[in-house]
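Below is one structure, written out as structure tokens; the observations come after it.
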Amino acid sequence: MLALDISLPRDRFSVKVRHRFSAGGVTALFGPSGCGKSSLLRVIAGHEPGAGGSVSCDGDVWQGAGFVPAHRRQIGYVFQEARLFPHLDVAGNLGFAEKRAKRDNGITRDAVVGALGLSGLMHRAVQDLSGGERQRVSIARSLLSQPRLMLMDEPLAALDHRAKAGILPLIADLPKRFGVPVIYVTHALDEVAQVADHVVTMKEGRLIGVGPVAEMLEQPEMQGLAGRFEAGTILEGRVASHDRAMLLTCVDVGGVPFEMPFMDVPVGFSVRLRVRARDVTLAVKRPEGISTRNIHEGRVIKLMPEEGTAFAEVLIDLGPAHVQARITRAAVAQLGLAEGGLVFALIKSVSFDRRALPGVKNVAAV
Amino acid sequence: MTIDLAPLWLSLRLAFVTTLVLLLLGTPLAWWLAMTRRRLKPVVEAITALPLVLPPTVLGFYLLILFSPSGGFGGFFLKLTGTSLTFSFTGLVVASVLYSLPFMVQPLQSSFEALGRGPLEAAASLGAAPLDRFFTVVTPLALRGYITGLVLSFAHTLGEFGVVLMVGGNIPGQTRVISIAIYEHVETLDYAQAHWLSAVLLGFSFAVLLLVFTVNRRFPVKVI
């Protein structure tokens with residue numbers, strides 16, 4: 001779909017990327033701040049005429065032999081600061097995009113306004129919108145330009161937790177709902193876990209890893225980029241049942257049940273859970289008389305002591321899924337943990353909180 | 001006593017034409033200055049700002065030499081249009097455009113700079129071509145800069161004296177603008193006429209400025 005082979009000099013390093021982005025879904029472009037993610041997006045969008053190399057999309061050459069300027073690339077771009085036009089109201093901003101759309105993807109104003117919950121905002125001045133509202137308008141405006149691809153440059157970085165939680169599922173849903181693939185730049189691992197189908201990791205201007213999200217999140221390199229504190233794994237499952245009295249939801253991950261605080265997702269729908277390594281406790285015997293609700297037996301498949309720190313990362317195979325535990329090296333020694341050994345992984349229900357979301361596919365159970 | 005208002009009308013006409021020309025010339029120049037990353041920029045900025053510091057007589061002196069029909073530029077213009085640039089209304093317009101250039105360019109340049117590339121890039125990604133972006137995004141957002149630039153240019157041209165005296169002289173209906181007329185009335189001790197014209201100019205200038213500041217307060221165009 002989108003093929004890149006570019007180089008762009010920056011202050012400290014140059015961004016050199018050669019990659020072919022797969023069609024469809026949300027691709028997270030992940031890496032630490034200042035690693036060249038935004039520069040890469042700007043090249044794709046056509047805001048960096050000075051970049052060397054080539055960019056092409058579906059057979060159209062955008063850069064290399066000549067330069068196709070941004071306004072003829074039909075790429076939606078959602079910036080961190082929304083960049084709404086302050087002289088127009090919300091409807092005016094949407095109209096600006098509609099008037100200039102060069103093709104028809106079948107994306108209608110009604111569908112967009114409905115999906116992003118903008119119906120009450122149409123005649124508001126953009127100065128009076130909250131940060132979350134601004135970004136929703138900005139996403140809607142981009143969609144209405146009927147783009148062939150949407151680029152999002154840390155669109156939620158300036159928002160508070162609540163606003164973020166409201167918008168992330170909408171972004172994860174865009175490819176399916178409107179048929180537009182998304183490249184999403186972020187340096188926050190929880191955002192990657194919630195929106196991405198694929199992950200591309202970047203460091204100091206180079207791509208260092210590409211793969212499906214669940215696989216990528218287990219890789220130590222990726223966790224290194226995010227900081228150990230954020231390390232963890234992804235579990236994909238379906239909502240099995242709700243306990244309305246206790247306000248609990250049970251999610252079935254390939255036959256292994258996980259219990260967590262109530263999630264407003266219908267039974268049968270798929271969800272994605274993220275378990276952070278620091279939230280997982282290990283035991284060699286099944287503990288009893290303990291408040292932890294999720295206790296699952298598994299096998300240690302990887303034991304990674306971190307030299308120079310007190311910690312070790314332990315990857316455990318639960319059968320249908322993996323979880324990762326971050327425990328002390330002293331505990332590894334005392335429990336006699338070794339690769340191939342059996343352990344019990346303990347995950348408090350509360351640690352799933354706010355990391356569950358309707359999965360990207362949202363497929364109902366048969 | 002009859003007051004000869006012809007110099008006032010001539011001044012207004014000169015200011016109007018000059019401002020219009022400045023709008024057309026100053027916009028691209030200010031845009032270039034705001035957007036360029038070339039090393040030539042400070043040179044162009046300095047040249048544009050020269051009329052602010054140069055005595056009008058110095059500017060007028062050089063223009064007189066430049067406009068002279070025996071000189072290169074003046075001769076070329078005479079051949080091309082059949083009118084001389086010295087001691088003519090056309091010459092006054094050219095001189096006034098140069099003299100008031102910074103008053104148009106600087107407010108425009110700073111509002112373009114305040115705007116930044118952000119809204120432009122957003123508009124481009126929504127499919128707006130360069131001219132489209134300029135008229136539908138830049139112009140409305142730089143409205144304050146335009147109002148300031150237009151008014152300052154107009155007012156500055158209206159109050160012009162030194163340059164006019166040097167290149168235009170004092171030809172009724174052609175180059176005898178209000179400031180020249182007032183000067184002459186004072187020279188000939190006709191204080192009554194001088195009083196009238198001065199008062200008209202004072203009142204007019206104040207009214208225009210008042211209007212501008214009121215409008216500016218009413219419609220504050222916020223840039224982000």
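The numbers here are math on the coordinates, done by the rules we state, and not lab data. Quantities reported herein were computed from a predicted structural model and do not represent experimental measurements. Here Cβ is always computed from backbone atoms with ideal geometry, including for glycine, and neighbour counts include all displayed protein chains.
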GNM result for chain B, Cα springs below 10 Å: residue of B:Thr214, B:Thr18, B:Thr86 fluctuating most strongly: B:Thr214
Where Rh is the Kirkwood radius over Cα pairs, Rg/Rh for chain A: 1.01
Selected from A:Ala331, A:Ala196, A:Ala240 as most flexible by GNM, with chain A as the system and alpha-carbon contacts under 10 Å: A:Ala331
In degrees, nearest ten, helix B:6-35 long axis to first principal axis of chain B (Cα): 30 degrees
C-alpha long axis of helix A:90-100 to longest principal axis of chain A, angle in °: 70 degrees
Cα gyration tensor shape for region A:233-356, rounded if a/c is under 1.5, else prolate or oblate: prolate
GNM result for chain A, Cα springs below 10 Å: residue of A:Leu174, A:Leu159, A:Leu282 fluctuating most strongly: A:Leu159
Karplus 3J(HN,Hα) series, Hz, for region B:126-136 with 6.51 cos²θ - 1.76 cosθ + 1.60 (x for Gly, Pro): 8, x, 8, 6, x, 5, 4, 4, 5, 7, 9
Global form of region B:74-131, assessed from the alpha-carbon gyration tensor, a/c cut-off 1.5: oblate
Table column - 3J(HN,Hα) (Hz), region A:270-285, Karplus curve with 6.51, -1.76, 1.60, x for Gly and Pro: 8, 9, 10, 10, 10, 10, 7, 4, 6, 8, 9, 10, 10, 9, 8, 10
Likely footprinting exposure, B:Ile147, B:Ile47, A:Ile44, fewest C-beta neighbours within 10 Å first: B:Ile47, B:Ile147, A:Ile44
Chain A: calculated mean residue ellipticity at 222 nm from DSSP helix runs of at least 4, using -39500 (n - 2.57): -7000 deg cm²/dmol
Reachable aspartates and glutamates from A:Lys285, criterion Cα separation under 19 angstrom, eight or more residues apart if same chain: A:Glu297, A:Asp317, A:Glu339
Degrees, to the nearest 10: B:89-115 long Cα axis against longest axis of chain B: 30 degrees
Hz values of 3J(HN,Hα) by residue in region B:195-200 - Karplus curve (6.51, -1.76, 1.60), Gly and Pro given as x: 4, 4, 4, 4, 5, 4
Calculated P(r) of region B:117-224 - Cα pairs past 22 Å, %: 54 percent
B:Asp190 paired with B:Leu25, simple spin-label distance in nm, labels 7 Å along Cα-to-beta-carbon: 3.3 nm
5 angstrom amide H check on A:Tyr77, placed H, neighbours 5+ away: A:Leu151
Built amide H within the under 5 Å cut-off of A:Val271, gap 5+: A:Gly237, A:Arg238, A:Val239, A:Gly359
Highest to lowest packing among B:113-119, A:143-149, scored as the average C-beta count within 10 Å: A:143-149, B:113-119
log₁₀ of I(q)/I(0) at q = 0.09 Å⁻¹ - region B:6-218, Debye sum with one point per alpha carbon: -0.42
Shape call, region A:1-97: gyration tensor on alpha carbons, a/c limit 1.5: prolate
